[in-house]
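Below is one structure, written out as structure tokens; comments come after it.
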Amino acid sequence: MSESTRLGRARGRMLPLAIVAAAVAAMFVLAPLASAASNPIAKGSTKLTINKGFNNKAKKAGIKITAIKPATLKGTKATFTVTGGSVEPTTGKGTITHSGGLKVKWGKKSVALKAFELNTTTKTLTAKVGGKSIKFAKLGGVSSARLGFGNSIAAKNVKLTGAGAKALNQALTPKPTKVKTKVKKNGKTVVKVKTVKTTPPFKANMVLGKSSTEVEPQTDNVLAQENMVYSGDSTLFGKLKDVGVEVQTISPTSVNGTTYTSGISGGTISPLGTSGQVNSAGGIKLVQKIPGTSLSTTITLGSIGVDLAAKTATVEVNGESNVEVEGKKPLNVGNLGRSSIADLTITGNTPSPATRSLSISATSTIQPVAAEVLEGFVKVWEGAIAVKAGEELGAKVKKEVEEGKPPAMNEQQIKEAALKIAAEKTANDHIKAGESLGSFSFTAIGE
């Protein structure tokens with residue numbers, strides 16, 4: 001085989017398409033994030049004001065009520081620490097759990113009431129009475145109002161249920177006693193035995209008192225209002241432009257230069273702005289088309305978001321490519337789910353409980369996996385330049401051979417020269433982890 005024939009066949013293979021395919025494949029390896037958690041209650045307290053009538057009857061009967069720590073009881077006001085649960089912010093419906101309890105003593109007997117759980121949906125108060133969980137009381141006149149990011153919930157009356165009364169009576173009522181008395185009958189002394197039963201003091205529908213609860217959630221739902229602004233780093237966007245990447249917007253995202261504005265679509269925010277996930281609508285597409293070929297790759301970064309707890313920027317990733325290698329199917333990986341792409345440094349954090357809003361500003365740096373994704377565009381572009389340079393050098397050498405001149409380079413030298421040309425042209429375009437992605441800012445409004 002002549003040198004010219006060998007070179008001619010090699011021209012299109014200066015940089016094997018497998019290398020280009022590997023670069024494209026690296027662009028689709030972002031790891032999806034776990035879905036966000038629900039809105040549990042962070043903290044709060046419940047106050048039970050014992051009804052005066054009930055309190056007076058209890059005292060008259062010799063019934064003594066004391067607090068079980070960490071609950072407190074001052075006069076007729078018992079306070080319990082909220083330990084968890086969840087509440088729907090606009091209606092106040094949900095469950096609220098507490099620590100501590102109350103100890104009820106009557107004579108030599110006593111019983112502990114613990115693990116109080118308010119259920120504002122079923123309007124019941126559950127408690128463990130002597131270790132057994134029962135529906136202890138019914139809540140009447142339940143109302144709810146917003147309190148900053150949280151809620152205040154009140155019950156005008158807390159009434160003992162039949163099950164609650166039965167449990168208290170069984171635990172506290174003394175057993176029947178036999179009383180002996182001597183009486184004279186027909187001139188003789190006779191001993192009579194009488195069984196004396198104690199009337200149970202608790203009855204169903206007894207008004208125990210009223211309650212008021214204040215809770216603060218770990219996070220509050222975000223309304224689809226206001227905007228998230230992403231200002232792309234000019235150096236990064238310059239590199240992407242150099243390697244043929246066009247940045248397109250996805251409606252309703254708008255762009256001005258490298259500043260992208262998207263409407264907030266939802267999420268959650270904590271009262272202090274230290275946790276939650278705020279997402280936006282729309283997004284951007286990174287589209288790279290290789291000149292002179294039909295090769296193209298598109299990476300969609302939709303629903304740009306900010307994770308306040310992890311301090312990361314996240315996106316919904318979708319990858320498409322028509323690169324086909326050795327008969328294999330194109331690398332169309334589809335929707336990869338929500339993925340983390342950048343680390344954030346929070347530069348501004350302004351929560352406002354009065355308006356249930358949170359304003360955040362942050363700078364960002366590209367994470368390693370995201371850097372590999374973006375670097376994939378550079379590698380593909382570099383590979384395309386190498387292929388084109390190899391073809392041009394190969395054609396030049398072929399012409400030299402056809403003209404009877406000795407070839408200036410052999411096949412290996414052409415390959416090395418083509419790779420060098422491509423490396424020099426993309427030397428300033430490589431993207432590494434830790435480089436700036438840009439900045440993010442938004443004001444989120446809680447529900």
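Pull out all pairs, ordered by first then second residue, where Cβ-Cβ is under 8 Å, the residues are six or more apart or on different chains, the first lies in the stretch 143-157 and is on the phi > 0 side of the Ramachandran plot and in contact (Cβ under 8 Å) with a residue 24 or more places away in the chain, and the second is in a strand (DSSP E or B) and surrounded by 15 or more Cβ atoms within 10 Å (Cβ to Cβ).
As it stands, the answer is G148/E216, since those pairs meet every condition given.
If V183 passes every condition in (1) within 19 Å of F80 (Cβ to Cβ); (2) assigned to a strand (DSSP E or B); (3) among the aliphatic types (A, V, I, L, M) but one, which one does it miss?
The number of the failed condition is (1).
Can you tell me which residue is surrounded by the most Cβ atoms within 10 Å (Cβ to Cβ) among those in the stretch 407-417 that are in contact (Cβ under 8 Å) with a residue 24 or more places away in the chain and part of a helix (DSSP H, G or I)?
The first filter runs over the stretch 407-417 and keeps only residues in contact (Cβ under 8 Å) with a residue 24 or more places away in the chain, leaving 407, 410-411, 414-415, 417.
Then keep just the ones that are part of a helix (DSSP H, G or I); that gives 411, 414-415, 417.
Working: E411: 19, I414: 24, K415: 20, A417: 17.
Here the residue is I414.
Do we find a residue being within 32 Å of the chain's Cα centre (by Cα), open to solvent by less than 20 Å² (accessible area, probe 1.4 Å) and not acidic (D, E) anywhere in the stretch 126-143?
yes
Look through the stretch 188-215, keep the residues that are modelled with pLDDT under 95, in a strand (DSSP E or B) and of a type in the set (D, E, K, R), and return whichever of them is farthest from L48 (Cα to Cα).
K188
Pairs needed: first member in the stretch 418-445, aliphatic (A, V, I, L, M); second member anywhere, surrounded by fewer than 17 Cβ atoms within 10 Å (Cβ to Cβ) and assigned to a strand (DSSP E or B); C-beta distance under 9 Å; at least 6 residues apart or different chains.
As it stands, the answer is A444/S359, since those pairs meet every condition given.
Name the one entry in V378, V397 that is within 18 Å of D233 (Cβ to Cβ) and hydrophobic (A, V, I, L, M, F, W, C). Before the answer, list the steps.
Details: V397 fails: within 18 Å of D233 (Cβ to Cβ).
Going through V378, V397 in turn, the sole match is V378.
For the stretch 87-110, what are the residues that are closer than 24 Å to I153 by Cβ, open to solvent by 50 Å² or more (accessible area, probe 1.4 Å) and in contact (Cβ under 8 Å) with a residue 60 or more places away in the chain? Before the answer, list the steps.
Pass one, the stretch 87-110, residues closer than 24 Å to I153 by Cβ: 87-102.
Next, from what is left, pick out any that are open to solvent by 50 Å² or more (accessible area, probe 1.4 Å): 88, 90-91, 93.
The one that is closer than 24 Å to I153 by Cβ, open to solvent by 50 Å² or more (accessible area, probe 1.4 Å) and in contact (Cβ under 8 Å) with a residue 60 or more places away in the chain: T90.
Collect the residues in the stretch 241-261 that are assigned to a strand (DSSP E or B), within 13 Å of T297 (Cα to Cα) and open to solvent by less than 60 Å² (accessible area, probe 1.4 Å), keeping them in residue-number order.
V245, V247
Restricting attention to the stretch 273-283, report how many residues are assigned to a strand (DSSP E or B) and open to solvent by 10 Å² or more (accessible area, probe 1.4 Å). First the steps, then the outcome.
Residues of the stretch 273-283 that are assigned to a strand (DSSP E or B), as a first pass: 277-280, 283.
Then keep just the ones that are open to solvent by 10 Å² or more (accessible area, probe 1.4 Å); that gives 277, 279.
Looking only at that region, the number is 2.
If I ask for residues that are closer than 30 Å to N151 by Cβ and open to solvent by 60 Å² or more (accessible area, probe 1.4 Å), which ones from the stretch 214-240 would you list?
If we filter the stretch 214-240 for residues that are closer than 30 Å to N151 by Cβ, which is where we start, we get 214-228.
Within the stretch 214-240, E214, E216, Q218, A224, Q225, E226, N227 meet the criteria.
K64 - would you say it is farther than 21 Å from T199 by Cα and surrounded by fewer than 17 Cβ atoms within 10 Å (Cβ to Cβ)?
no
Can you tell me which residues in the stretch 419-438 are among the β-branched types (V, I, T) and over 19 Å from Y230 (Cβ atoms)? Step through it out loud before you land on a result.
Here is the first cut: in the stretch 419-438, the residues among the β-branched types (V, I, T) are 421, 426, 431.
Correct list: I421, T426.
L344 - would you say it is closer than 30 Å to V306 by Cβ, surrounded by 16 or more Cβ atoms within 10 Å (Cβ to Cβ), at pLDDT below 90 and under 21 Å from the mean Cα position of the chain (by Cα)? Step through it out loud before you land on a result.
Details: closer than 30 Å to V306 by Cβ: yes; surrounded by 16 or more Cβ atoms within 10 Å (Cβ to Cβ): yes; at pLDDT below 90: no; under 21 Å from the mean Cα position of the chain (by Cα): yes.
No.
Please specify each residue of the stretch 92-123 satisfying the condition of being within 16 Å of S211 (Cβ to Cβ) and out of contact with any Ser or Thr (no Cβ under 8 Å at 6 or more places or on another chain).
Selection gives G101, L113, T122, K123.
Can K123 be described as surrounded by fewer than 19 Cβ atoms within 10 Å (Cβ to Cβ), in contact with a strand residue (DSSP E or B) (Cβ under 6 Å, 6 or more places away or on another chain) and at positive phi?
On the way: surrounded by fewer than 19 Cβ atoms within 10 Å (Cβ to Cβ): yes; in contact with a strand residue (DSSP E or B) (Cβ under 6 Å, 6 or more places away or on another chain): yes; at positive phi: yes.
Yes; evaluated as a whole, the condition is true for this residue.
The values are calculated or read from the model by the stated rules, or taken from the named source; none is laboratory data. What you are looking at is a predicted structure, and each value in this text was computed from that prediction instead of being measured. Cβ sites come from the backbone with ideal geometry, for glycine too, and all protein chains shown count toward neighbours. Protein only, heavy atoms only, side chains kept; ligands, DNA and RNA dropped before computing areas. Shrake-Rupley method; radii C 1.70, N 1.55, O 1.52, S 1.80 Å.
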